[in-house]
Amino acid sequence: MLEELKKEVYEANMELPRRGLITYTWGNVSGIDRESGYFVIKPSGVDYDVLKPEDMVVMDLEGNKIEGKYRPSSDTPTHQELYKKYPEIGGVVHTHSPYATSWAQAGRSLPLYGTTHADYFYGSIPCARSLTEAEIEEAYEKNTGLVIIETFEKMKMNPMYTPGVLCTNHGPFTWGKDAAEAVHNSVVLEEVAKMAMFTETVNPKVDPAPNCIRDKHFFRKHGENAYYGQ
């Protein structure tokens, strides 16, 4: 079932260690088949050195395992909530990449300081609030997804214009039109988090880039009037 999607999600997962985004098994990627309503996700705690495409787990949007010999990633309910809320999302990534996670642990949104950031994310990358003790005890992973959604709804942000978030005390999640694009956005998020940290070290009083820079660089790559690339 969904053998091609399993291969795509497997390859996307394998990109995480290649790009230095994970240590051990600290990350996961999923991808969804909107026609069937099923999504494919990495199994929980399986080492990347032994991971195979057939190890990927098929889930439905109600949290039922449809196919797979392993348990799905413990973050599956977070992915599930994002897929349910945003039909335009086709892939989701979670890592504990060090620079992005440092911003998340500090409880800080990631300011847009330059054009690299603006090429991929329209404005600051938000940091979602901490979960309450009750939310953690009740349904931690599901509520992580819900607090991400709450953040984007409250800030009236387009999740496809800002395809990533930082979760306080936790780490980053990114997404895209498919699993590969979601990983690409995760790589970019880690790089701009690193650049922002160095920027504030060089100039602690730095201001975010002006909106005209944000708009020019984002919309030349995205939207109906985009002209970057071939």
³J(HN,Hα), Karplus 6.51/-1.76/1.60, whole Hz, each residue of the range 175-191, x for Gly, Pro: 8, x, 5, 8, 5, 4, 5, 4, 5, 3, 5, 5, 4, 5, 4, 4, 5
Between Ile66 and Glu4, Cβ-based FRET efficiency (R0 22 Å, step 0.05) works out to 0.90
Could you give me the ³J(HN,Hα) list for the range 15-25, computed from phi with Karplus coefficients 6.51, -1.76, 1.60 and θ = phi - 60°, whole Hz, x at Gly and Pro? 5, 4, x, 4, 8, x, 8, 9, 10, 6, 10
One can check that the equivalent ellipsoid of the range 164-230, built from the alpha-carbon gyration tensor with semi-axes equal to the square roots of five times its eigenvalues, has lengths in Å, largest first, of 23, 20, 10
Set Lys154/Lys194; Lys6/Lys85; Lys6/Lys216; Lys154/Lys221 screened for pairs whose C-alpha atoms are more than 31 Å apart: Lys6/Lys216
Long-range amide H partners of Cys167, meaning residues 5 or more apart or on another chain whose placed amide H is closer than 5 Å, are Ala128, Phe173
Carbon and sulfur together cover what percent of the accessible area of the range 145-230 at a 1.4 Å probe radius? 55
Please report the equivalent ellipsoid semi-axes of the range 87-202, computed as sqrt(5 x eigenvalue) of the Cα gyration tensor, largest first, in whole Å. 21, 17, 13
If amide hydrogens are placed 1.01 Å from N in the peptide plane, which non-local residues have theirs closer than 5 Å to the one on Ser124? Leu112
Run the quick spin-label model on Asn158 and Glu88: label points 7 Å from Cα toward the beta carbon, then report their separation in nm to one decimal. 0.6
Residues whose built amide H sits under 5 Å from the amide H of Ile89, excluding neighbours closer than 5 in sequence, are none
Dividing the mean separation of Cα pairs under 8 Å (6+ apart) by the residue count of the range 116-171 yields a relative contact order in percent of 55
Rounded accessible area per residue of the chain, 1.4 Å, Å²: 50
Using the beta-carbon distance between Val206 and Glu11 and R0 = 45 Å, what value does 1/(1 + (r/R0)^6) give for FRET efficiency, to the nearest 0.05? 0.75
The range 55-142: relative contact order as a whole-number percent, Cα under 8 Å and 6+ apart: 23
Can you tell me the relative contact order of the chain? Whole percent, Cα pairs under 8 Å, sequence separation 6 or more. 22
With each label point set 7 Å from Cα along the Cα-Cβ vector, what nm distance links Glu133 and Glu35? 5.0
For the range 1-140, report the % of Cα-Cα distances exceeding 20 Å. 53
Place a point 7 Å from Cα of Ser74 in the direction of its Cβ. Which residues in the range 35-66 have their backbone N less than 15 Å from it? 43-47
Stokes-Einstein translational diffusion, the range 142-181 - Kirkwood Rh over all Cα pairs, 0.692 mPa s, 37 °C, in µm²/s: 305
Express the carbon and sulfur contribution to the solvent-accessible surface of the range 59-129 as a percent, rounded to the nearest whole number, probe 1.4 angstrom. 46
GNM top mover of Glu191, Glu138, Glu181 - the chain, alpha-carbon springs below 10 Å: Glu138
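The values are calculated or read from the model by the stated rules, or taken from the named source; none is laboratory data. Given the structure is predicted, the values throughout are model-derived calculations rather than measurements. Don't worry about glycine lacking a Cβ; one is built from the backbone with ideal geometry, like all the others, and counts go over all protein chains shown. With ligands, DNA and RNA removed, areas are computed over all heavy atoms of the protein, side chains included. Shrake-Rupley method; radii C 1.70, N 1.55, O 1.52, S 1.80 Å.
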